[in-house]
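*Asks:* Mind having a look at this structure? Questions to follow.
The values are calculated or read from the model by the stated rules, or taken from the named source; none is laboratory data. Computed from a predicted model, the values in this text were never measured in an experiment. Neighbour counts are summed over all protein chains in view; Cβ atoms, including those assigned to glycine, are modelled from backbone coordinates with ideal geometry. These accessible areas exclude ligands, DNA and RNA; they are computed on the full protein's heavy atoms, side chains included. Shrake-Rupley method; radii C 1.70, N 1.55, O 1.52, S 1.80 Å.
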Amino acid sequence: MASQSQIYAGAFADPVFAAQSVFRDLMDGFARPGTIKQLSAKSVPPAPLCAAAGAVALTLCDHDTPVWLTPALSKSAVPQWIAFHSGAPVTSSKTEARFAVFEKGAAIPSFDHFALGTQEYPDRSTTLVIEIEALAGGAPLVAKGPGIKTDIELSPKGLPDVFLEFWNANRAIFPRGVDLVLTAGEALVCLPRTTRLSPKEA
């Protein structure tokens, strides 16, 4: 059972200022896909959630945004922590979730398990917040698309081998599809559905 200290502690010291700071970082991250954003606003969510993922949840989640959590997160103090600090309800339905949160090493299903929006309302989709081992040091990928001048290289470490297959299927249904926030430690990388990813050629 989660202790009161796990549930009540670890949120932003200055909630308004910190949430504004993280929101700016997220907006800049989505405007410039593939760039690593080091968050200055600190949060200390319960294990096994990392600081950046906790900060994203505190910033974006509210009582109107159902959140889906992995089985490991659901069994931790994270659901009560998110509910107490943001008011967001936890849902067991992937297609009802506005946000889905994955801890490091969690199994990631194909993205079509989540809400993909509609042609008329593509924004009614799930944003996936995925914690990985590191935002650098993995197999290099080349990103192209809106917000990227020519192309940019990124090398997230800890994504599943089928990630590019999932991502290409996601891009194929544009304007529908999910958006991603990759987190590690106190940093994040945003990948909107408009971004094209391919392996870097040797």
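*Asks:* Charges on Cβ only, +1 for Lys and Arg, -1 for Asp and Glu, centred on the Cα centroid of region 47-162; of C50, Y121, W68, which one is farthest towards the dipole's positive end?
*Replies:* It is C50, whose Cα lies furthest towards the positive end.
*Asks:* Something else: Given +1 on the Cβ of Lys and Arg, -1 on the Cβ of Asp and Glu, and no further charges, what dipole in debye does region 1-140 carry about its Cα centre, rounded to the nearest 20?
*Replies:* Values: 9 positive and 12 negative charges, 47 e Å.
Dipole magnitude for region 1-140 comes out near 220 debye.
*Asks:* Now for a separate question. With both bridge residues required to lie in the chain, what share of the DSSP beta bridges run antiparallel, to the nearest 5%? Walk me through the intermediate numbers first.
*Replies:* Details: 16 of 29 bridges.
Once the DSSP bridges in the chain are tallied, antiparallel ones form about 55 percent.
*Asks:* Something else now. Which value, in Å to one decimal place, does the Kirkwood hydrodynamic radius take for region 2-74 when every pair of different Cα atoms is included? Kindly include the intermediate steps, with their values, before the conclusion.
*Replies:* Working: mean 1/r = 0.0755 Å⁻¹.
Answer for region 2-74: a Kirkwood hydrodynamic radius of 13.2 Å.
*Asks:* How large is the convex hull of the Cα atoms of region 37-97 per residue, expressed in Å³ as a whole number? It would help to have the intermediate numbers written out before the result.
*Replies:* Details: hull volume 5.0 nm³, N = 61.
Dividing the Cα hull volume of region 37-97 by its residue count gives 82 Å³.
*Asks:* Could you provide, to the nearest whole Å², the per residue accessible area of region 60-156 with probe 1.4 Å? Can you show the working numbers first?
*Replies:* On the way: 4670 Å² over 97 residues.
Heavy-atom accessible area per residue stands at 48 Å².
*Asks:* Kindly give Rg over Rh for region 15-131, based on alpha-carbon atoms, with the Kirkwood expression for the hydrodynamic radius. Write down the numbers at each step before the final one.
*Replies:* Working: Rg = 13.7 Å, Rh = 14.6 Å.
Radius of gyration relative to Kirkwood radius: 0.94.
*Asks:* Could you name the aspartates and glutamates whose alpha carbon sits less than 13 Å from that of K104, not counting residues in the same chain fewer than 8 places away?
*Replies:* Here the aspartates and glutamates satisfying the reach criterion relative to K104 are E131, E133.
*Asks:* A follow-up question, please. About its Cα centre, how strong a charge dipole does region 86-177 have in debye, to the nearest 20, once Lys and Arg get +1 and Asp and Glu get -1 at the Cβ? Can you show the working numbers first?
*Replies:* Numbers: 9 positive and 11 negative charges, 37 e Å.
Rounded to the nearest 20 debye, it is 180 debye.
*Asks:* OK, next. Along its principal axes, what span do the Cα atoms of region 135-202 show, with the longest given first and each in whole Å?
*Replies:* Result for region 135-202: principal-axis Cα extents of 30, 26, 24 Å.
*Asks:* Now, a different point. Classify region 105-163 as rounded, prolate or oblate, taking a ≥ b ≥ c as the square roots of the eigenvalues of its Cα gyration tensor: rounded when a/c is under 1.5, otherwise prolate if a/b is larger than b/c and oblate if not.
*Replies:* Oblate shape, in that a/c is at least 1.5 and b/c is the bigger or equal ratio.
*Asks:* What is the Cα centroid distance between region 108-162 and region 65-99, reported in whole angstrom?
*Replies:* 21
*Asks:* Percent of accessible area on region 89-187 owned by carbon and sulfur, 1.4 Å probe? Can you show the working numbers first?
*Replies:* On the way: 2380 of 4820 Å².
So the carbon and sulfur contribution to the accessible surface is 49 percent.
*Asks:* For the chain, what Kirkwood radius comes out of the mean inverse Cα-Cα distance, in Å?
*Replies:* 16.9
*Asks:* Counting only other residues whose beta carbon sits under 11 Å from that of P140, what net charge do I get with K and R as +1, D and E as -1?
*Replies:* 0
*Asks:* Would you mind telling me the share, in percent, of accessible area of region 1-65 contributed by carbon and sulfur at probe 1.4 angstrom?
*Replies:* Working: 2020 of 3360 Å².
That fraction is 60 percent.
*Asks:* Take the chain, mark every one of the GluC sites (Glu not before Pro) that falls in a DSSP loop and has at most 10 other Cβ within 10 Å, then report the longest stretch left between them, sites excluded. Intermediate values should be presented prior to the final figure.
*Replies:* Working: sites that count: E120, E201.
It works out to 1-119.
*Asks:* To continue, here is another question. Could you work out the helix-only [θ] at 222 nm for the chain, with each DSSP H run of four or more residues adding -39,500 (n - 2.57) and the total divided by the number of residues, to the nearest 500 deg cm²/dmol?
*Replies:* Here the helix-only value at 222 nm equals -7500 deg cm²/dmol.
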